[in-house]
Structures are given as structure tokens and as C-alpha cells.
Amino acid sequence: MKVTVAGYNIDTETLDEMRRHCSSDVMTPETLSAAYARISRSPDTAEVLRQAARKNVEKARKSNNNIVFEMGHSSIAEHAVFNMDIENVSRYLLEEIQRHRLASYTEKSQRYVKVGKDFYFPQEWEEFREKLSELHTLSSLLYHELVDSGIPTEDARYYLPLTVTTQLGMTLNARSAEHMILTLGASPLAEARELSSLLHEKIKSITPSLIRYVKPDEYHRRTWGRGLLRPSSFSGQDYREQTFIGSIRKVYSTPDMDSMILGACLSRISGESIFKSLDIIKNYTDEKKKQFFSEIIEGADLHDKMPHEFEHGVFTWELVLSAAAFAQLKRHRISTVSHVFLDPSLGFTHPVTVTGKLLEKAKNTVIESEKLFSEFLERYPESAPASYALLSGNRRRVLWTLNLREYYHFSRLREDEHAQWDIRQIAKLMTEEVRKTAPVCSGFLGGKSELAEK
């Protein structure tokens, strides 16, 4: 056996230093893609193939073009990986970036970092620039007053508009980058289209042979833009007195989920067909099912993943939750998240720490925000940029599908005592429903802190 580190990501300052001592043509991950593309049809070792690609970068690029785009083996582009700093973008745009699941993101956390001074001005808002500036000032003053009064930053942020700026560290491969450039370019948000152009400019210059299909057509604009648009019939309503955290409703779950998962486990262990395994499991008593479940997870601790067979149990949920809580949910990208526009008619989530006169001030900020939102919509119906005026406490409707294996991961993180309170309450409500649906296979659910105490 032989294992070789063929390459790894290093920062651009180090690369610039290296370029002073060798040809800049070699400083591209395209050579790795080209070398690995030939592994399937060449008797040469990977090391020899990489050496050949580095010696003739132009030939490597032609090979990539042919294999990736002419022959359709797009996975070759996944061997080229980028680390990107994305700065001074709005919280609204961050949601669109992170719709792309095959990438890694680390963003500035509004739970821990004091923000509320810098805001993005959407070009679509030029006509309302003064009013949006007034909202920024109002929300910023409220935010800092809340923080100075001892309100945690993670609660004060509920009154910041989605125009507050942030930064993001992102790692993705060339195939995912091409898709991100395409879909951001199809967005109705000018900010998204600007980011698309910048990503294309930066990445194309490094890997010209791996980025091609980035011009959106009507299908992409319809598919990736529709969820941001709101009906022209929208009419604002006053939900200032609403206090509920949000809601969860189960839309679908795999029938007899315990039997399906335990049967899949038995089939893997015994080698029997799934049909025979299901017949055996369905004849088990409840106690025997619990015993078999205990045998399956024996030795597992709170950091371990459940077996792959837990992916055969699937849930679909409809959620109504705040933008702040959605910021936590969207990170669970090994699931299907279909979200639509923020909708003031769904109410506003006020943190319980904000009370008395501070709460009255906060409610007034919410009213001003939603007035501006409605005013923009009256002028530009069905316009996505209207949501820039809304706050992190405003709510949206989300359709969420995931399997039980991924739900375990969600439960570990979001029911933990360190989890953000909004998403933690939602997770606990969901776990109650999961336990009813799969009483046996949900037996190891819970937050890390909760399980550590047992």
C-alpha cells in the first residue's frame, strides 16, 4: 500500500511567493483534475500522470475540456478545490449562497460578534435609499441599546434587517462553483448577480478548462428566482402581539419506520433479502425490537453517526420559523430545504429576554420595517429585493425533508444546551414527533449535553 498527499489548499500569499520561483502556469489545480481523469484509462501511476500534467498545462487543459464537457464526466472538476473569502455581503445574500449543499461554509456569527453598524444598500432600493437608511439607523440604535442593557447579542440581532453585512469563508470544488455561478447569475437580486460575476472572474482565471456553463436561461431564472418572489396580492397585516415561537407540522414519514430501518439492518447483517428481513422484524415484540436496536448501536457514543440504514427512514416537515432560526437550519445541507420569501403575515419572533419598554421600542422597529417592506412592494410588486427591509425575527415557511440518520445529527447539535434557543425549541418539538413515529429507532436521540449527563 502507498498513500501520497498529492496536494492541499494553501493561501494565495504563499502561492504568490512560489510564483516568483516557478512558472505561474503550473499553479493551477487543473493539473490534478487532468491527471486523475487519465487514471481510469492509463497504466501509469497517479504520480507519473501528475508529473505529465504539470509539464504540459495547456495539454492538461485541453484534456479537461474534452473529458468534462465533451464526454460529460463532470466529476473530474471536483478534484479542483477553492477556498474563497466572501466579504461585505448582506445576510439576505448569505441565504442564497448557502442553498448550495456541496460546499463548506463558515460565517461570522451574529450570536457572538457584535454587529449592527455596517449595512448593504441594494441597488434596487435607490428610490427608497433615504427610508432604508432611516431603518438602518433605527435598528442599529435599538440593537446597541439592547446590547448595552445586557440583552445577549444573539437576541438583539432579531431586530437587525437582512441588509446587515457579514463575511464568509467558503470551500468548494470547481463543479460546485460552476453551478453556484450559474444559479446566482439567475437570481432576481442584483447583489447575487454581482457575486456570480466576481466568482466567475476569479475562478475562471485559475481553472479556465473547468468552468463553462455559467449563463442562466429562463429555466434557471424561474427555478432559482421564484422562491424569492412574493405574490403581488400581498397585503401587510398587524401581528405585533403574536408571541408563538413558530410551528412544525409533519407532512410525511416512512410508514412503519422502525420496521423499515431495523429490517434494513437485519438484511445487511444476515444477508437475507429485505422482504424476508421485514417479515422477521414485523413479528418481533416491541421489547425484542428495542433489544435489536440496542445491539445495533452498542458501543456508539454521542459523537458517532448512526448506521447508513437509518437513511431509509424519511421525514418531511413544514416549518414556520424566524430568519434567525432558519440561519441554523440551513446549515444541515444533507437534506432538502425548500424555503420561500419571508412573510410578515406569519408573525415575528420576539426573544423572551426583550421585555418592557425595550420590547415596545422593538415592536415599533418591526412596524417601521414592515411598513417599508409593504411600501416597496406597492411600487414594485413581486419584487425579491423587498425582503431587504425585513428583520431577522421575521418568519418564513420552509418545507424540509431529511432521513433519520441526518436527524440524529440535527438533534445532537440543536438540542444541545449550547444551541441557539430558537432552533433548540423547534428541535425539541420535532424530536417529540419523531419519537412517536419511530419509538424504537429514535431511542438514542438528544443533544450532546443531555446524553453526556446519562
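The values are calculated or read from the model by the stated rules, or taken from the named source; none is laboratory data. Note that the coordinates shown come from a computational prediction; the quantities given were computed from them, not determined experimentally. Cβ placement follows ideal geometry from the backbone for every residue including glycine, while neighbour counts extend to all protein chains displayed. Side chains are part of the model used for accessible areas, which takes the heavy atoms of the whole protein and leaves out ligands, DNA and RNA. Shrake-Rupley method; radii C 1.70, N 1.55, O 1.52, S 1.80 Å.
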Applying the gyration tensor rule to the Cα atoms of the range 336-454 (axes a ≥ b ≥ c; rounded if a/c under 1.5, else prolate if a/b exceeds b/c, else oblate), the class is oblate
With label points set 7 Å from each Cα along the Cα-to-Cβ direction at ASP301 and SER270, the distance between them in nm comes to 3.3
Relative contact order of the range 75-199 (C-alpha contacts under 8 Å, at least 6 apart) in percent is 45
Largest-first ranking of VAL251, VAL354, VAL5 by accessible area, probe 1.4 Å, whole protein assembly kept, is VAL5, VAL251, VAL354
Once GLU145 and ILE367 are pulled to full extension, the length gained, defined as 0.36 nm per residue separation minus their Cα-Cα distance, is 78.1 nm
Residue-normalised value, i.e. accessible area per residue, for the chain at 1.4 Å probe, in Å², stands at 50
Counting only protein heavy atoms with a 1.4 Å probe and every protein chain in place, the carbon and sulfur fraction of the accessible surface of the range 1-120 in whole percent equals 48
Classified through the alpha carbon gyration tensor (a ≥ b ≥ c as square roots of its eigenvalues; rounded if a/c is under 1.5, else prolate when a/b is larger than b/c, else oblate), the range 303-403 comes out oblate
For the range 307-386, the percent of accessible surface on carbon and sulfur atoms (probe 1.4 angstrom, ligands and nucleic acids excluded) is 54
Quick shape check on the chain: root eigenvalues a ≥ b ≥ c of the Cα gyration tensor, a/c under 1.5 is rounded, otherwise prolate if a/b tops b/c, else oblate, and it reads oblate
For SER247, the net charge from surrounding residues (Cβ-Cβ under 10 Å; K, R +1; D, E -1) works out to +2
Packing-ranked peptide list from 355-365, 52-62, 387-397, highest mean Cβ count within 10 angstrom first, is 387-397, 52-62, 355-365
Length gained, GLU78-ASN283, 0.36 nm per residue minus C-alpha separation, equals 69.2 nm
The range 1-148: relative contact order from alpha carbon pairs under 8 Å, six or more residues apart, as a whole percent, is 18
Descending packing, highest mean Cβ count within 10 Å first, for 97-105, 115-123, 269-277 is 115-123, 97-105, 269-277
Quick calc: nm separation of the 7 Å Cα→Cβ label points for THR137 and GLU201 -> 3.3
For the chain the mean separation of alpha carbon contacts under 8 Å (6+ apart) over residue count, i.e. relative contact order in percent, is 17
Residue-normalised 222 nm signal for the chain, counting each DSSP H run of n ≥ 4 as -39,500 (n - 2.57), nearest 500 deg cm²/dmol, is -13500 deg cm²/dmol
Share of accessible surface on carbon and sulfur in the range 140-196, whole %, 1.4 Å probe and ligands ignored, is 47
